[in-house]
Structure formats: C-alpha cells, structure tokens
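The values are calculated or read from the model by the stated rules, or taken from the named source; none is laboratory data. These numbers come from a predicted model, not from an experiment. A quick note on method: Cβ atoms are made from the backbone with ideal geometry, for glycine too, and the neighbour counts reach across all protein chains shown.
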Amino acid sequence: MKITDIETIILRLPEPVLANGDNLQDVLIIRIHTDEGLVGIGEAHTSPTVLKAIIDAPISHLTTQGLKPLLMGKNPLRINELWNAMYDHTVSYGRRGAVMQAISGIDIALWDLLGKATGQPIHQLLGGKLRDAVPAYASDLTPASPEAMIEQAQSHADAGFTGMKFGWGGLGGNVKSDAKWVGEIRAALGPDIALMLDMGTPVPFEQAVWLAGALAEQDVYFLEEPLSPDDLDGFAKLVAVSPTPIATGEKETSRFGFRDLMERGGLRIVQPDIARCGGITEIRRIAALAEVRNVRVIPHCWSTDILVAATLHFLATQRDAPWQEFNVMNNPLKSSLSRKPFKLADGMLRIPDGPGLGIELNEETIERYRWTP
Ligand SMILES: [Mg+2]
C-alpha cells in the first residue's frame, strides 16, 4: 500500500468568537489517501492554517521539511518508521508546538488506516481493550452568572454525568469569587459529583496557592492550569503545598515535554491531547513515563469526534483510565461531524469497535464548514 495524497481540510464556524475560550471554532481534518482506495482520517488541533502550511511545505533541507512530501509514496502501515521520519526531518524547526501538533493529526490518520487495512479497531491493534466504556466528565464554558452556572451544573447531572469541569466565562477573573462559586455548585450538587476547575489563563503564584487551599474544602478533583505552562518551577512549588490535585498539559507536546512536566514540574496529573502531543503513538510513550511515576493521565479532549474516538481507543487499553473529557457545547463541529455522534450512556462513553477509529464523517458537515484561506 502507498500513500497517494494527504488532504488537509480546514473547517471553520462562520463567525468565530475569538474572545472566548472555545477552541473548537476551527479545526484541521486530515485525510490520507492510498493506492488501494482506503482513506485514513485524523485531526490536528491548533491554528489550522499554520498546520496546513507545515504539512504542505516543500523541503528546505534535510532537517527542515514539510510532512506531506516526506510521506508521499510511502507505506502508511509502517507507522513507527513514518513517525520517526516526520520527527527527524523537522527537527530544526519542530520537536515541540505546531509541528508536533501536525504530526499528531497524521499519526491519528495512520492508525485509522492501519485499522481499516486489517479490519481491526485501534484498541485491538494496541493490544486489546481492558474495558468497554470510560466515565466521561462534562466539559463546558461557564456562564457569566452564578444562577446560570448552577443551572448548567444541574443539567449535566441530570444528563448522567458523574464529573464536570468548570472554567472560563464567569470563572477565572478573581480567585475569591471562583472559590465562592465552586462552593455554590458543590452545595447544589451534593458530595458525589467530581468537580474540576480549569483556570485556562494563569493567575499569580500566591493566588494559585490560596485557591488550591480553598478548593480543597469543596473536594475539588483537580485544579487545571493555574500557572503558565512554562512555569515548571512554579508548578513544582504549588504541587508541593496544594491540598487540591493540580493538573496541566493540554498545551504540552512530546514525551520530552511531558517528562519535564513530571520531573521538574512535579505534576501528579497530566493532560496530553492526542491531536497535539504527537498522536496515539506518542501518548502511549507519555503514558508509560507517567505510569512508572504513578502519575495519572487524564487526556485533554475538546474537539471533534475524531479526537474523542482516538482518546477512547487509547484509554481502553490503559490500566488507569479515570476520565474521558467530553465537550458538551452546542457546536456543529462537535455534534454533527461524525455520522453517529458519541452519546453518553449511564455516565459513560462506549469504546468504538469498528475498524480503525470506528467512526465515519458526515460529508455534508464538511462541505458546509469547509474554509479556504
Ligand atoms: Mg483546559
């Protein structure tokens, strides 16, 4: 089998609201075509225009190349070889950030192709699943008033979620009011729901320490990204004194970046995103580094059903798989990109069992939101 084309499709909502934290207002879909007619699908999740340029770029020299010219004509089933080639031939301008994010999208599409070529779901190719479903936590942008926030929390609980994450919107401006609002949600929902708080944008170190202390009174499951992703020394100090577990990693890439988060940053929960960190291939290496340190991996997953499927296949094979993040916003790129969108059942999401990712894209949605720079 040979790769005959790597198609990059930018999907974009007609009027993105750039001031809010919804990072599913545009996305890059990747389709890898082959001479045998099989097509693998993937997505990479950051600025799609930048990713497209990284994929399509012509060769500059040995260690500065675009990904597509590197892969054309190659056997897509040799995923390890292709992953190493993408890493090695971008090493002058890559290694982290956007290049690893682009590699992630291609890696997902290669695993989908391997599954379609062998008739096996990805979890089977990874050695077999340990479970049929994973508990999902509701992930949403928080409304601007406490009343609306409690209403939102209640509707997640009514839908069957046993965990939910709040952040952005009305939260994140002031740690005192953040702590108060979280207390109100806890009072409304009772003790059994897992509550997470996502700061999204960093706060001063002393405020993070104060907030982490206050949130422990509400038994908060984790406090996400209270500090800058580059402030590893700050994370180490915070983790050492915080009674609330601290989580971060959605902006990090590669096993080297995650090793630093765990070693220097002292993180006990990391949140790699398969559409950014280096794909399914790389998250398994990250998870191995985490497992030997007793660090928990709770992947970041705020994108289309392609990423939801990839994350579920990965979690299906992990000894520790506490949560699947599930974006519950009303967004057509989330709710109508696949023909059978993922739905919660008894608070869980089922692991797909079809070949590859086990999902099929809705061509009407692709045509409707396709965007050309
Ligand atoms: Mg986050």
If the requirement is being of a type in the set (Gly, Ala, Ser) and within 24 Å of residue 202 (Cα to Cα), which of these qualifies: 257, 279?
257
Only one of 148, 117, 144 is at negative phi and not in a helix (DSSP H, G or I), namely 144
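Would you pick out the residues in the range 294-351 that are among the hydroxyl-bearing types (Ser, Thr, Tyr) and either surrounded by 23 or more Cβ atoms within 10 Å (Cβ to Cβ) or within 16 Å of the ligand (Cβ to nearest atom) (or both)? Reasoning before the result, please.
First, pick out the residues of the range 294-351 that are among the hydroxyl-bearing types (Ser, Thr, Tyr): 303-304, 311, 317, 335-336, 338.
Result: 303, 304, 311.
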Within the range 265-292, of all residues that are surrounded by fewer than 24 Cβ atoms within 10 Å (Cβ to Cβ) and basic (Lys, Arg), the one nearest to the ligand (Cβ to nearest atom) is 268
Selection from the range 15-60 of residues under 24 Å from residue 114 (Cβ atoms) and within 16 Å of the ligand (Cβ to nearest atom) yields 45
What is the number of the single condition among (1) within 16 Å of the ligand (Cβ to nearest atom); (2) under 22 Å from residue 276 (Cβ atoms); (3) modelled with pLDDT of 95 or more that residue 195 does not meet?
(2)
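Please find, within the range 103-132, the residue that is nearest to residue 352 (Cα to Cα) out of those that are buried (at least 19 other Cβ atoms within 10 Å of the Cβ) and of a type in the set (A, V, I, L, M). It would help to see each step written out before you state the result.
Filtering the range 103-132 for residues buried (at least 19 other Cβ atoms within 10 Å of the Cβ) gives 103-116, 121-123, 129.
Filter again for of a type in the set (A, V, I, L, M), leaving 103, 106, 108-110, 113-114, 122.
On the way: 103: 23, 106: 20, 108: 15, 109: 16, 110: 17, 113: 15, 114: 15, 122: 9 Å.
The residue in question is 122.
Being more than 14 Å from the ligand (Cβ to nearest atom) and closer than 22 Å to residue 48 by Cα is the requirement here; does residue 242 meet it? Explain how you work it out, then say what you get.
Working: more than 14 Å from the ligand (Cβ to nearest atom): yes; closer than 22 Å to residue 48 by Cα: no.
No; evaluated as a whole, the condition is false for this residue.
Might you check whether a residue that is of a type outside the set (Ser, Thr, Tyr), part of a helix (DSSP H, G or I) and loosely packed, with under 14 Cβ neighbours inside 10 Å occurs anywhere in the range 188-210?
Within the range 188-210 (the criterion being of a type outside the set (Ser, Thr, Tyr), part of a helix (DSSP H, G or I) and loosely packed, with under 14 Cβ neighbours inside 10 Å), the answer is yes, since at least one residue qualifies.
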Could you tell me which numbered condition residue 237 fails, if it satisfies all but one of (1) more than 19 Å from the chain's Cα centre (by Cα); (2) basic (Lys, Arg); (3) within 15 Å of the ligand (Cβ to nearest atom)?
(3)
